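Novice: Got a structure here, written out as structure tokens. Questions coming.
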Amino acid sequence: MNLISYFIRKLTETEVWKSVFRHGYTDTPRNRALQTLSNVWLHLHPVKVPKHAVKIRFTWCLGGLTFFIFLFLTVTGVLLMFYYVPDVNRAYADMIDLMYVVPLGRLLRTSHRWAGHAMVITVCFHMLRVFLTGSYKAPRQFNWVLGVLLLVLTFLLSFTGYLLPWDQLGYWAIMVGTNMGAATPVMGYQGPFAELLGVKINNDIRFALLGGTQIDAPSLLRAYVWHCIGIPIIAGALMILHFWRVRKDGGISGPL
Amino acid sequence: MSNHAKAQIANYKKTKKVFSWPNLVAKEFIAAILVTVVLLVYSYYVDAPLRELANPGEPENPAKAPWYFLGLQEILVYFDPWIAGVVVPSIIIIGLMVIPYIDVNPKGNGGYCFWDRRFAVTVFLFGFIFWYLLIIVGTYMRGPFWAFFWPWEAWSFDFPTPPPLISLPNWLGIFALLIYFGFGMLVPAVAFWKFAKQLGFIRYNITMSLFLLMMGVLVKIALRLMFNIKYILQTPWFNI
Ligand code: HEM
């Protein structure tokens, strides 16, 4: 034990350490504060939080975990992009390669997939906990609204990913989903009042989603671009706003 | 900012606090590691599904949406696609967004509590559970042609033909809708006068419309399952 603390002390006193972390390591209140304040990743947190807020049974870590899983998905997703090409003639073969040829490819693909499901689950339960603790009440009303947008975006992220393997499961699931889009009142060609605006199969909302009248190469490309670029950017921006508001709205909620 | 909000923030300043480092950060770190381990171990043992190459000529039967949308696909049995696929999700999203603005009860902010907000918690939990029940039915109990099978039954194509469906005549349908929404809006206003007054006219109407719409989905499901009702109202443009 003494040896370890000796080494830690020596290490944290070196010039290199100090140049990286910009403050000492000795356990003083000032250094504990600086640990949060002077670290770009940690300064998302307040220096101090209410005692009840660090109880697991208050937040169940659910918001944080949703965000963490989002990061996990970003990392595994980028790695998958090295191997996957959104081309109808290749996509499925790339999946097979990932499963059987690419080193650790199977783990990569599988964990990305299960993490996607996990994020949908944690975001739903995060919403449930926020509701049950009444944390959407003043002054946090707007952060709840942002949350609902994030909930929808999480569903859409997962949904757009579903088509990418170009297998029967994804293909027909997207068929079910986009056919519902075709039934949108006024904006879908099978929906009520479609005639009013002259909406047909080749200019309705389903057409815009699929890039055609059926699920084909343009649909795969659209799903890919939305999944890997469009929605993550929007969701990421909203998450920044969401976290910022948690702090601006007076920090995490607590009993009055 | 409302006085209440100010009080909250003032109160925040007074609560006992601890340093984020290490009290909070350490827990976040442990939670993140645990989740990573669970995800990787689970992924190691359970493969992600991959079916045959997509084939537009050979529909899956049943073709299922991803599980989190199966609640909507499930109510497709009871409603036309424009309601099940578009109107219901839109109302859910809007309904969720307006919750903070229609719930004026200041109690139970920042802690788990049931008694002081019975109505809100009950309605929300009901909706939450309803959504997941539909997902469970859609995931485990729907086979070819979306026919109903218990989870322990084998899927087959040889299920009994469903009974023919009947629609209400329009006069009866309009009457039923008027009764449902009319009484639904008026009776609670009288019976729970204090509650309604606390909400105010606009909030009360929004709250009750959303509530009645949610219960309406349940009512329609019940009408179908018990009386084989197809539509309550038919018009040249849409049916309900
Ligand atoms: C991608 C999705 C989301 C992420 C990453 C996220 C993340 C977070 C985090 C890290 C917190 C801090 C407290 C905690 O961990 O519980 C938080 C708080 C909060 N979230 Fe979310 N959230 C998401 C979606 C939602 C949804 C769907 C809702 C509600 C509909 C919501 C409403 C709120 C509210 C009102 C707070 C403040 C809670 C309080 O002060 O107690 N968020 N969120």
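The values are calculated or read from the model by the stated rules, or taken from the named source; none is laboratory data. Everything quoted here is computed from the prediction, not taken from an experiment. Note: ideal-geometry Cβ built from the backbone for every residue, glycine included; neighbour counts use all protein chains shown. These area figures cover heavy atoms from the full protein model, side chains too; ligands, DNA and RNA do not enter into them. Shrake-Rupley method; radii C 1.70, N 1.55, O 1.52, S 1.80 Å.
Novice: So how exposed is A:THR28, as accessible area in Å² (1.4 Å probe, rounded to 10)?
Specialist: Here the accessible area works out near 50 Å².
Novice: How far apart, in nm, are two points set 7 Å out from the Cα along the Cα-to-Cβ line at B:VAL77 and at A:LEU42?
Specialist: Between B:VAL77 and A:LEU42, the label points sit 5.4 nm apart.
Novice: Would you mind calculating the relative contact order of the stretch B:66-198 from Cα pairs under 8 angstrom and at least 6 residues apart, reporting the percent as a whole number? Walk me through the intermediate numbers first.
Specialist: On the way: 59 pairs, mean separation 31.8, N = 133.
Relative contact order for the stretch B:66-198 comes out at 24 percent.
Novice: While we're looking at this one, here's another question. Around B:ILE166, with a cut-off of 13 angstrom between Cβ atoms, what is the net charge of the other residues, counting Lys and Arg +1 and Asp and Glu -1?
Specialist: Details: positive: B:ARG224, B:LYS230; negative: none.
Local charge sum for B:ILE166: +2.
Novice: With a 1.4 Å probe, how much accessible area is buried between chains A and B, both sides summed, in Å² to the nearest hundred? Mind dumping the intermediate values first?
Specialist: Numbers: alone 16700 and 18370 Å², together 27060 Å².
Answer for the A-B pair: about 8000 Å² buried.
Novice: Would you be so kind as to list the residues of the stretch A:130-158 that have their accessible area lowered by at least 40 Å² in the full protein complex compared with their chain by itself (1.4 Å probe)?
Specialist: Residues losing area: A:PHE131, A:LEU132, A:THR133, A:TYR136, A:LYS137, A:ALA138, A:PRO139, A:GLN141, A:TRP144, A:VAL145, A:VAL148, A:PHE155.
Novice: Please give the calculated 222 nm ellipticity per residue for chain B, where each DSSP H segment of at least 4 residues contributes -39500 (n - 2.57) and the sum is spread over every residue; nearest 500 deg cm²/dmol?
Specialist: Numbers: 8 runs with 138 residues, N = 240.
It lands at -19500 deg cm²/dmol.
Novice: On a straight-distance basis, which lysines could pair with A:LYS200 in a cross-link, Cα separation under 30 angstrom, same-chain partners fewer than 8 positions away excluded?
Specialist: The qualifying lysines are B:LYS64, B:LYS230.
Novice: May I ask you to give the solvent-accessible area per residue for chain B, in square angstrom, as obtained with a 1.4 angstrom probe? Before the final figure, lay out the partial values.
Specialist: Details: 14270 Å² over 240 residues.
Ligands and nucleic acids excluded, the figure is 59 Å² per residue.
Novice: Treating the beta-carbon of each Lys and Arg as +1 and of each Asp and Glu as -1, no other charges, what is the dipole magnitude of chain B about its Cα centre, to the nearest 20 debye?
Specialist: On the way: 18 positive and 11 negative charges, 332 e Å.
In total the dipole reaches around 1600 debye.
Novice: Same structure again: Among A:PRO46, A:TYR189, A:LEU104, whose Cα sits farthest toward the positive end of the charge dipole of chain A (+1 at Cβ of Lys/Arg, -1 at Cβ of Asp/Glu, about the Cα centre)?
Specialist: Sorting the options by dipole projection puts first A:PRO46.
Novice: Name the aspartates and glutamates eligible as straight-distance cross-link partners of B:LYS107: C-alpha to C-alpha under 14 Å, and not fewer than 8 places from it in the same chain.
Specialist: Leaving aside aspartates and glutamates fewer than 8 places away in the same chain, those within reach of B:LYS107 are B:ASP116.
Novice: In what order, largest first, do A:ILE69, A:ILE229 sit by accessible area if the probe radius is 1.4 Å? Intermediate results must be reported in sequence, preceding the final value.
Specialist: Details: A:ILE69 5, A:ILE229 90 Å².
Result of the area sort, largest leading: A:ILE229, A:ILE69.
Novice: Using a probe of 1.4 angstrom, how much of the accessible area of the stretch B:67-231 is carbon and sulfur, in percent?
Specialist: On the way: 7450 of 9520 Å².
That share works out to 78 percent.
Novice: In addition: Could you let me know the centre-to-centre spacing of the stretch A:16-43 and the stretch B:174-240, using Cα atoms, in angstrom?
Specialist: Computed from Cα coordinates, the inter-centre distance equals 58 Å.
Novice: Amide H to amide H under 5 Å from A:ASP167: which residues, 5+ apart in sequence or cross-chain, H placed 1.01 Å off N in plane?
Specialist: When sequence neighbours closer than 5 places are left aside, the close amide H contacts are B:ALA54.
Novice: Something else about it: What's the long-distance tail for the protein assembly as shown, i.e. % of Cα pairs beyond 33 Å?
Specialist: Working: 61084 of 122760 pairs.
Every Cα pair in the protein assembly as shown considered, those over 33 Å come to 50 percent.
Novice: Given charges of +1 on the Cβ of Lys and Arg and -1 on the Cβ of Asp and Glu, with all other atoms neutral, how large is the dipole of the protein assembly as shown about its Cα centre, in debye to the nearest 20?
Specialist: On the way: 41 positive and 22 negative charges, 608 e Å.
Using only the charged Cβ atoms, the result is roughly 2920 debye.
Novice: Which of B:ILE33, B:PHE175, A:ILE233 sits closest to the plus end of the dipole of the protein assembly as shown, meaning its Cα is farthest towards the positive end, when Lys and Arg get +1 and Asp and Glu get -1 on the C-beta?
Specialist: Value computed over the given set: B:ILE33.
Novice: Could I ask something else about it? Counting only helical runs of four or more DSSP H residues, what would the 222 nm mean residue ellipticity of chain A come to if each run contributes -39,500 (n - 2.57) and the total is spread over all its residues?
Specialist: Values: 12 runs with 162 residues, N = 256.
The helix-only estimate for chain A comes to -20000 deg cm²/dmol at 222 nm.
Novice: Among B:ILE92, B:TRP146, B:ASN23, which residue has its Cα furthest toward the positive end of the charge dipole of the protein assembly as shown, with +1 on Lys/Arg Cβ and -1 on Asp/Glu Cβ?
Specialist: Highest projection toward the positive end goes to B:ASN23.
Novice: Still on this structure: Which percent of the accessible area of the stretch A:21-169 is formed by carbon and sulfur heavy atoms (probe 1.4 angstrom)?
Specialist: Details: 4650 of 6590 Å².
Of all accessible area on the stretch A:21-169, carbon and sulfur atoms account for 71 percent.
Novice: Apply the Karplus curve 6.51 cos²θ - 1.76 cosθ + 1.60, θ = phi - 60°, to the phi angles in the stretch A:72-83 and return the couplings in whole Hz, x for Gly and Pro.
Specialist: Coupling constants for the stretch A:72-83: 4, 5, 5, 5, 5, x, 4, 4, 4, 5, 5, 10 Hz.
Novice: Can you give the accessible area of B:ILE75 in Å² (nearest 10), computed on protein heavy atoms with a 1.4 Å probe?
Specialist: 0 Å²
Novice: List the chymotrypsin sites (Phe, Trp or Tyr not before Pro) within the stretch B:53-118 that DSSP assigns to loop and that have no more than 16 neighbouring Cβ atoms inside 10 Å.
Specialist: Working: sites: B:TRP67, B:TYR68, B:PHE69, B:TYR78, B:PHE79, B:TRP82, B:TYR101, B:TYR112, B:PHE114, B:TRP115; in loops: B:TYR78, B:PHE79, B:TYR112, B:PHE114.
Listed in order of number, the matching sites are B:TYR112, B:PHE114.
Novice: Which order do the peptides B:173-182, A:234-243 take when ranked by the mean count of other beta-carbon atoms within 10 Å per residue, highest first?
Specialist: On the way: B:173-182: 13.5, A:234-243: 15.4.
Per-residue mean Cβ counts within 10 Å order the peptides as A:234-243, B:173-182.
Novice: Size of the dipole of chain A about the Cα centre, Lys and Arg at +1 and Asp and Glu at -1 on the beta carbon, nothing else charged, in debye to 20? Please report the intermediate quantities before stating the final value.
Specialist: Values: 23 positive and 11 negative charges, 288 e Å.
For this selection, approximately 1380 debye.
Novice: Ok, one more. Using a 1.4 Å probe, what is the accessible area per residue for the stretch A:1-153, in Å²?
Specialist: Details: 8230 Å² over 153 residues.
Per-residue value: 54 Å².
Novice: Which residues of the stretch B:100-134 bury at least 40 Å² of accessible area once all protein chains are present, versus their chain alone (1.4 Å probe)?
Specialist: B:PRO100, B:TYR101, B:ASN109, B:GLY110, B:TYR112, B:ARG117, B:PHE124, B:PHE128, B:TYR132
Novice: To continue, here is another question. ³J(HN,Hα) across the stretch A:33-42 via Karplus (A = 6.51, B = -1.76, C = 1.60, θ = phi - 60°), whole Hz, x for Gly/Pro?
Specialist: 5, 5, 3, 7, 5, 9, 10, 4, 7, 8
Novice: Other chains near A:160-172: what is the mean number of their Cβ atoms within 10 Å of each residue's Cβ?
Specialist: On the way: counts 0, 1, 3, 1, 0, 6, 3, 7, 11, 9, 5, 10, 12.
Mean partner-chain Cβ count within 10 Å for A:160-172: 5.
Novice: Cα to Cα, under 16 Å, and not fewer than 8 places away if on the same chain: which lysines meet these conditions relative to A:LYS51?
Specialist: Filter leaves B:LYS13, B:LYS14, B:LYS16, B:LYS17, B:LYS27.
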